[in-house]
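Here the structure comes first, spelled out in structure tokens, and everything after it is commentary.
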Amino acid sequence: MRIKADGWGIGIYTLIIAIAAGVAIELTREQWAYWVPAIGSIGAIAGAAYIASSQTRRMRTEKLRDDLQNTVIALQIIERFRSYAFYAAQEAEVTIRETSGKDLNIVIDRVDRLRVGIEAVFRRNTDRPTMEFALQIHGYLNDTIVQLNEASVNGNFGSNTSAKCQSIARSLNKILQPLTAHIEIVGRELAKFP
């Protein structure tokens, strides 16, 4: 027979062994008076050890669940920023191509706000793949700003700058599938918790 290794199981197991040992060595009534408090002390120590262990397990589980929840939130933020960055890069390409940069400062400001906004993800407690997605998108936003500033300063509204912004938009679109897959993986991990 296997006794469950929880607080009650350990206490009962200790009690049975102590009583069996006391009976085996034929304790007198006076000796039992000393033996009973000793058994109680051992049971109390075993119970305290179990409580500490279960609290530690529960705290680890709660921390893991909290970390996964933070990761899900960060991934949702990242996906939103990826989408905004994609459209901003497309808008930059269209602005450069069709308006000769007339509204370029508006686009530069929008992209810069996105870049600063995604930096909030860096302060979250997230896993490495999530942070890598954030860094990728942040890098593409920086590249977009560089292209837009370069076009604005140099007055270079040619097809080369437009093509670079279009390439950035395509790169941002390529992130979508692995990012979505990672969101699903983390979501499944989180669903395992009660």
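Where in the stretch 104-142 is the amide nitrogen less than 15 Å from a point lying 7 Å along the Cα-to-Cβ axis of Ile73?
120-127
Set the Förster radius R0 to 41 Å, insert the Cβ-Cβ distance between Ile45 and Arg113 as r into 1/(1 + (r/R0)^6), and round the FRET efficiency to 0.05.
0.10
Can you compute the FRET efficiency between Arg65 and Ala181 using 1/(1 + (r/R0)^6), with r the Cβ-Cβ distance and R0 = 22 Å? Round to the nearest 0.05.
Given R0 = 22 Å and the Cβ-Cβ separation, E is 0.55.
Averaged over every viewing direction, what's the projected area of the C-alpha convex hull for the stretch 7-53? Give it in nm², one decimal, please.
Values: hull surface 11.7 nm².
Spelled out: convex hull of the Cα atoms, projected over all directions, averaged, 2.9 nm².
Aspartates and glutamates near Lys192 by alpha-carbon distance under 14 Å, same-chain residues fewer than 8 away left out - which ones?
Glu62, Asp66, Asp67, Glu184
Please give every one of the aspartates and glutamates within straight-line cross-link reach of Lys174, meaning a C-alpha to C-alpha distance under 13 Å, and leave out same-chain neighbours fewer than 8 residues apart.
Straight-distance partners of Lys174: Glu79.
Every number here is computed from the coordinates shown, using simple stated rules; none is lab data. Owing to the predicted nature of the structure, the values given are computational and were not obtained by experimental measurement. Glycine gets a Cβ as well: all are built from the backbone with ideal geometry, and neighbour counts include every protein chain shown.
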